[in-house]
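The structure under discussion appears below in the form of structure tokens.
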Amino acid sequence: MIEALKSSIVVYPNGIMVDLNDGRQGIVVKQNPHVCDRPIIQINKEQGRKLAKPYDVNLANVLNVVVFSCKID
């Protein structure tokens, strides 16, 4: 039952703005079903500068990057 509950909880919902510990900023665009606290982030800013071409980072594959803070618009 605990595993079922964990898989149904979303720590960072889609659409939420997040700051990563490495200075990048982005928006949660997709969830990883078995890793509820490691979503896929569309990076749109690096070191405060807006990117011309956003790109995705899958936090389930990049373990040294974590969500530092989040904002709800």
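Out of all the residues in the range 1-48, which are among the basic types (Lys, Arg) and within 9 Å of the chain's Cα centre (by Cα)? Scanning the range 1-48 gives Lys30, Arg38.
For beta carbons closer than 9 Å, sequence separation of 6+ or different chains, a first residue in the range 1-30 that is farther than 13 Å from Ile72 by Cβ and without any contact (Cβ under 8 Å) to a residue 60 or more places away in the chain and a second that is open to solvent by less than 60 Å² (accessible area, probe 1.4 Å) and among the basic types (Lys, Arg), the qualifying pairs are Val11/Arg38. Filtering the range 60-72 to residues that are farther than 12 Å from Asp22 by Cβ and part of a strand (DSSP E or B) leaves Ser69, Cys70, Lys71.
Residues that are touching a residue at least 24 places away in the same chain (Cβ under 8 Å), open to solvent by less than 50 Å² (accessible area, probe 1.4 Å), in a strand (DSSP E or B) and in contact with a strand residue (DSSP E or B) (Cβ under 7 Å, 6 or more places away or on another chain) do occur in the range 52-59, at least one of them. Among the residues making up the range 1-13, those that are loosely packed, with under 11 Cβ neighbours inside 10 Å and assigned to a loop (DSSP other than H, G, I, E, B) are Met1, Ile9. Only residues that are in contact with a Phe, Trp or Tyr (Cβ under 8 Å, 6 or more places away or on another chain) and β-branched (Val, Ile, Thr) were counted across the range 54-73, and they come to 1.
Residue count for the range 60-70 under the criterion of being open to solvent by 50 Å² or more (accessible area, probe 1.4 Å) and farther than 24 Å from Ser8 by Cβ: the result is 2. Just need a number here: residues in the range 14-47 that are part of a loop (DSSP other than H, G, I, E, B), open to solvent by 60 Å² or more (accessible area, probe 1.4 Å) and either more than 18 Å from Ser69 (Cβ to Cβ) or at pLDDT below 95 (or both). Adding up the residues that qualify gives 5.
The values are calculated or read from the model by the stated rules, or taken from the named source; none is laboratory data. No experiment lies behind these values; they were computed from the predicted model shown. As a convention, Cβ positions derive from the backbone with ideal geometry for all residues, glycine included, and neighbour counts pool all protein chains shown. Surface accessibility is based on the protein's heavy atoms, side chains included, excluding ligands, DNA and RNA. Shrake-Rupley method; radii C 1.70, N 1.55, O 1.52, S 1.80 Å.
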